[in-house]
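Below is one structure; the comments refer to it alone.
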Amino acid sequence: MITERHNLACRMIFKAISKTGTLGSCIVSKDIGSNERMTMQNIQIPETAESKIVPEWLFPPRFPDKDRFTSSRPDFVLVTPIAAKSQKQQTNVGGWVLQSGRGKLRETGSTSAAPPATSTATNSRQHRPKDLSKPRHDIHHVEIKYCEDTRPQNQLNAAKEQHKDLCNILQGASVTLHIILLGVGGTFYNTHTLKPFNELGLDSQRDKKLASKLHVHSVNFAAKLVHTRRALSSTVINSPQESVSGQACNPPDPH
């Protein structure tokens, strides 16, 4: 249930970006559940984003397939044309900075992230992201995590650490990690929810509408989880002779 709560939220965000945002055609991979589940939510999968694995053409030449298959997988990845003014600038990666043209991340006190080149989004719909040469594209990882409503920092740090190696490996003009945080009790944040939505091509009206839907989704799932835990606890109490070790426990949050 915890995994499905996460994946449903991811698919809601994916649908908003791919259908109503300006960067839908820039999505090149997604790891947010099966294609069947996406079809059930009436989500059209872009032909550029059929795989769960980060595309081979974003990795260095002759990068081992074994390492590519086992590398971290952001919830989805976008590739956008590089903005002319950002070709030589530093890029903030959710608290990490990647210098354009280099492969090292260093920690910084800033948590701002450079937005995709939305000014060229119209042109990005006219060709496939793969057609862009590596020096001419920006890579954007999107990682969505549920967190404690009043303490989002732990999951923010976890997301940075989770994709740190991948950000160092991939080749492009810049690599940006967009971390979207959702509170388990329905909280959404100006900095960690609405701001990333805006950076990913949603206008202020659409990002607030999406946040409201995610709020309802989180509250409903919180109620389901509480009811399920109580039912499992009751089963353990009423059936002590059965082996139910760990049945009532909250499974580890995979996201």
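The values are calculated or read from the model by the stated rules, or taken from the named source; none is laboratory data. Treat the numbers as computed from the prediction; the structure is a model and nothing was measured. As a convention, Cβ positions derive from the backbone with ideal geometry for all residues, glycine included, and neighbour counts pool all protein chains shown.
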Taking the stretch 176-193 only, how many residues are touching a helix residue (DSSP H, G or I) at 6+ places or on another chain (Cβ under 7 Å) and either at pLDDT below 95 or assigned to a loop (DSSP other than H, G, I, E, B) (or both)? 4
Taking the residues in the stretch 19-40 that are within 22 Å of Trp57 (Cβ to Cβ) and at pLDDT below 85 as candidates, determine which candidate is surrounded by the fewest Cβ atoms within 10 Å (Cβ to Cβ). Asn35
Taking the stretch 163-187 and keeping only residues that are under 15 Å from the mean Cα position of the chain (by Cα) and among the hydrophobic types (A, V, I, L, M, F, W, C), one is left with Leu166, Cys167, Val175, Leu177, Ile179, Ile180, Leu181, Leu182
Test set (1) modelled with pLDDT under 90; (2) within 28 Å of Lys134 (Cβ to Cβ) - Pro74 fails condition number: (1)
